[in-house]
1. Take residue 144 and decide whether it is closer than 22 Å to residue 35 by Cβ and touching a strand residue (DSSP E or B) at 6+ places or on another chain (Cβ under 8 Å).
2. Look at residue 60 and say whether it is in a loop (DSSP other than H, G, I, E, B), surrounded by fewer than 16 Cβ atoms within 10 Å (Cβ to Cβ) and of a type in the set (D, E, K, R).
3. Determine if the range 24-33 includes at least one residue that is modelled with pLDDT of 95 or more, surrounded by fewer than 17 Cβ atoms within 10 Å (Cβ to Cβ), over 17 Å from the mean Cα position of the chain (by Cα) and assigned to a helix (DSSP H, G or I).
4. Could you check residue 69 against (1) under 25 Å from residue 38 (Cα atoms); (2) out of contact with any Asp or Glu (no Cβ under 8 Å at 6 or more places or on another chain); (3) assigned to a helix (DSSP H, G or I) and say which number it fails?
5. Name the single residue, out of those in the range 86-137 being among the small types (Gly, Ala, Ser) and out of contact with any helix residue (DSSP H, G or I) (no Cβ under 9 Å at 6 or more places or on another chain), that is nearest to residue 155 (Cα to Cα).
6. Please enumerate the residues belonging to the range 139-157 that are free of Cβ contacts under 8 Å to residues at least 12 places away in the same chain, exposed (fewer than 12 other Cβ atoms within 10 Å of the Cβ) and closer than 19 Å to residue 69 by Cα.
7. Taking the range 108-126 only, how many residues are surrounded by 17 or more Cβ atoms within 10 Å (Cβ to Cβ) and either part of a loop (DSSP other than H, G, I, E, B) or touching a His at 6+ places or on another chain (Cβ under 7 Å) (or both)?
8. Name every residue in the range 1-18 that is surrounded by 15 or more Cβ atoms within 10 Å (Cβ to Cβ) and not in a helix (DSSP H, G or I), in order of residue number.
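The values are calculated or read from the model by the stated rules, or taken from the named source; none is laboratory data. Just so we're clear, the structure is a prediction, and the values are computed from it rather than from any experiment. Neighbour counts are summed over all protein chains in view; Cβ atoms, including those assigned to glycine, are modelled from backbone coordinates with ideal geometry.
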Amino acid sequence: MSADGTLHAPTRKRVEACARFYHAGLAPVVVFTGGRAVPDGPSAGAQMARLAQQFDVPPDAILIEHESQSTLQNALFTVPLLPASENLILITEAFHLPRSWASFRWAGARRLHLAASEDVRRDPETGWPSIRILLRESAAVWFNLFRAAAWSAASTVELQNDDWLH
């Protein structure tokens, strides 16, 4: 999301996919998660919820988590909002599904079903798959593993800090 609250195209595709799952009767509740790009700006979760309503997802079928700044925080802050942590459908871009799955499992979600909002993010200029985003995601998987392990270890002695998960 841009600082002014404009959702980027991949995020809009995720919202569209969520709306399709809702209208197909596969997701009676849709959760949009994501914090603010700037301190006083709108949250990504709130912006996605607004867009979903334009796709006829009713407000009473939407939950919003609006504090997270990372995939680990998305999971940690979202799982407690859910009526159950089983039979969840996790929708994001294909390259991001493995890290998202691992993050939500770490946060306590069970029986996760995965759905890609798009197969691969492409470079807008060349149309080729974005190597930069794939390399970034490859590094982020290992970085998340380290942060989740450190947070989990610190939580055993009540020293964890959610800011570690940015």
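1. No; evaluated as a whole, the condition is false for this residue.
2. no
3. For the range 24-33, residues modelled with pLDDT of 95 or more, surrounded by fewer than 17 Cβ atoms within 10 Å (Cβ to Cβ), over 17 Å from the mean Cα position of the chain (by Cα) and assigned to a helix (DSSP H, G or I): absent.
4. Among (1) under 25 Å from residue 38 (Cα atoms); (2) out of contact with any Asp or Glu (no Cβ under 8 Å at 6 or more places or on another chain); (3) assigned to a helix (DSSP H, G or I), the lone unmet condition for residue 69 is (3).
5. Of everything passing the filter in the range 86-137, 94 is nearest to residue 155 (Cα to Cα).
6. Of everything in the range 139-157, those that are free of Cβ contacts under 8 Å to residues at least 12 places away in the same chain, exposed (fewer than 12 other Cβ atoms within 10 Å of the Cβ) and closer than 19 Å to residue 69 by Cα turn out to be 139, 142, 146, 149.
7. Final tally of qualifying residues: 3.
8. Within the range 1-18, 1, 5, 7 meet the criteria.
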